[in-house]
1. Let me know the number of lysine pairs in segment 327-408 closer than 27 Å at the Cα, not counting same-chain pairs under 8 apart.
2. Could you tell me how far the Cα centroid of segment 150-208 sits from the Cα centroid of segment 238-270, in Å?
3. Once amide H atoms are placed 1.01 Å from N in the peptide plane, what residues at a sequence separation of 5 or more from Leu215, or on another chain, have their amide H within under 5 Å of its amide H?
4. So if R0 is 60 Å, what FRET efficiency would Glu24 and Ser440 give, r being the distance between their Cβ atoms, rounded to the nearest 0.05?
5. Relative to the longest principal axis of the C-alpha atoms of the chain, give the angle of the C-alpha long axis of helix 347-356, reported between 0 and 90° and rounded to the nearest 10°.
6. Rounded to the nearest 0.05, what FRET efficiency do Arg408 and Glu489 have when you use their Cβ-Cβ distance and R0 = 22 Å?
7. Between segment 475-529 and segment 287-346, what is the separation of their alpha carbon centroids in Å?
8. Once neighbouring chains are kept in place and the probe is 1.4 Å, which whole percent of the accessible area of the chain is contributed by carbon and sulfur?
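The values are calculated or read from the model by the stated rules, or taken from the named source; none is laboratory data. Computed from a prediction, not measured in an experiment: that's the story for all the values here. Please note: Cβ atoms are built from the backbone with ideal geometry, for glycine as well, and neighbour counts cover all protein chains shown. Each accessible area value is taken on the protein alone, full model and side chains, heavy atoms only, with ligands, DNA and RNA left out. Shrake-Rupley method; radii C 1.70, N 1.55, O 1.52, S 1.80 Å.
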Amino acid sequence: MKIFKAAVFAASLALSVSPAALAETPADVLVVAQNIDDIVSIDPAEAYEFSSGEYVTQTYDRLVQYDAPDVQKLAPGLASEWTADDASKTITFTLRDGVTFSSGNPLRAEDVVYSFKRVVALNKAPAFILTQLGWTPENIEKMVTADGNKVVVKYEGDFSSAFVLNVLAARPASVVDAEAVKANEQNGDFGNAWLKANSAGTGPFVLRAFRAGELLNLQSNPNYFGGAPAIKGVIIRHVAEAATQQLLLETGDVDMAKNLTPDQVAGITGKENMKVESYPQAAVHFLSFNQRTTALQPEAVWEAARYLVDYKGMTDSFLKGQMEVHQAFWPKGFPGSLDETPYGYDVEKAKKILADAGIKTPIKVTLDVINSTPFTDMAQSLQASFAEAGIDFEIIPGTGSQVITKYRARTHEAMLLYWGPDFMDPDSNAAAFAFNEDNSDDHYQSTTTWRNGWAVPAELNAATKAAKAEADPAKRNAMYVELQKKVQEKSPIVIMFQAATQVAMNNKVAGYVNGATSDFVFYRLVKKN
């Protein structure tokens with residue numbers, strides 16, 4: 001406790017320190033400067049923000065999970081093994097021996113049942129991820145049952161066990177200590193109020209303190225089944241201003257800064273004792289053409305557009321470090337991704353495609369875009385490059401809510417936007433980019449295909465459903481790769497980039513793992529050399 005009190009005190013002084021007053025963080029505690037004011041709740045049944053996702057990963061485990069150091073592979077978590085029966089839509093998990101919660105209570109199958117039940121009963125923001133398995137407050141006790149050291153999970157729907165496993169690797173499937181939570185229930189809240197200030201998991205860290213808009217203080221769990229963390233604790237200080245984060249890093253008051261701007265990153269790159277690491281993120285950015293606009297319906301326009309994006313020009317300049325070229329709907333870094341980028345900026349080729357198809361230019365198109373950087377910069381680049389082939393964009397800037405509202409109403413012509421999966425299964429994006437069986441106006445769907453009025457060909461719809469239902473993981477991933485190739489070649493949605501995040505840190509920090517979403521941020525392997 002003395003170490004933690006000293007660390008918190010040192011970090012709290014950091015905001016007022018002068019650049020000349022060099023400090024040093026504790027040797028066995030990682031101190032992070034990060035904007036964490038997005039946190040609404042740290043209860044894993046309610047946590048739905050980026051920062052709370054990071055926290056849940058440090059303190060809780062799932063039956064199966066993507067884990068450090070290889071975040072691309074679905075691995076055993078609290079379950080040591082499982083058997084799937086796709087015919088009966090059942091998966092039986094065998095719990096790992098010897099796992100204990102931070103309270104000292106042993107992990108039981110009843111804890112898993114209770115954890116899933118409370119998510120469904122509370123019905124907070126992320127509950128839909130589990131309820132899509134056909135679970136309801138009325139049937140959950142029949143759909144998830146305990147049998148000794150085994151948990152039997154049943155599901156309903158036209159999908160395979162491979163899909164279900166990815167659902168159960170998502171944040172709301174985190175397992176809580178049923179006995180500890182029940183002891184702190186208030187008025188039937190399933191311990192929700194208590195878990196907003198306490199942890200009750202099996203994870204590599206235990207919550208010591210959470211003060212909203214101030215800090216998260218985590219202590220290592222020496223009994224973690226995956227091995228005790230290399231450091232004794234992590235202190236995440238809420239520092240909203242990127243300039244202050246940079247100052248604290250440069251003066252040695254923090255070990256890591258997570259919200260620096262590209263200019264600030266450039267300013268510290270190459271400095272003594274500093275390094276910057278870049279990590280691909282799950283969000284993909286795209287340009288789409290509404291098929292309710294006649295001039296945008298020819299497939300030649302879609303094809304030409306793929307050669308009119310100055311991919312390298314943008315990522316080498318104002319998007320440097322923020323995005324990388326990626327041209328498929330499932331993000332790089334996860335099973336089933338298509339990482340080939342066959343398209344480049346080629347105006348003459350685009351002109352020929354349009355001319356050979358008899359497309360008359362100029363084509364005048366409105367382009368809706370969120371009125372903030374880097375979106376407005378991207379729109380201006382597209383405006384300039386597309387004009388070279390006679391496609392003239394009129395940029396229509398708006399707030400995020402204005403742009404998205406227009407997109408949902410299908411009243412745009414062209415749209416510059418981004419998309420991120422709700423959970424890390426390829427179907428989460430395939431359903432958005434490669435599926436639309438009912439394109440009617442009165443059949444609203446939260447997908448890019450419906451919102452762009454694209455009546456997806458029957459073969460793509462069938463391929464999307466078949467991939468979701470495929471039980472063999474390797475075959476399933478291969479099916480998604482082929483599906484992405486087809487969408488990449490012929491679709492009114494031009495996927496251009498995948499977001500990236502840059503983390504600046506002291507050179508002494510090693511072992512930090514940052515996957516494609518906040519749920520895949522891991523501190524347990526960090527060392528300070």
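1. Numbers: Lys349/Lys360; Lys349/Lys364; Lys351/Lys360; Lys351/Lys364; Lys352/Lys360; Lys352/Lys364; Lys364/Lys406.
Taking the Cα cut-off of 27 Å, the pair count is 7.
2. Answer, in whole Å: 35.
3. Counting only residues 5 or more places away or on other chains, the set is His238.
4. Numbers: r = 64 Å, r/R0 = 1.06.
Working from the Cβ atoms, E equals 0.40.
5. Roughly 50 degrees between the two axes.
6. Values: r = 27 Å, r/R0 = 1.23.
With R0 = 22 Å, the Cβ-Cβ based efficiency is 0.25.
7. Using only Cα atoms to place each centre, the spacing works out to 17 Å.
8. On the way: 10570 of 21170 Å².
Accessible surface attributable to carbon and sulfur in the chain totals 50 percent.
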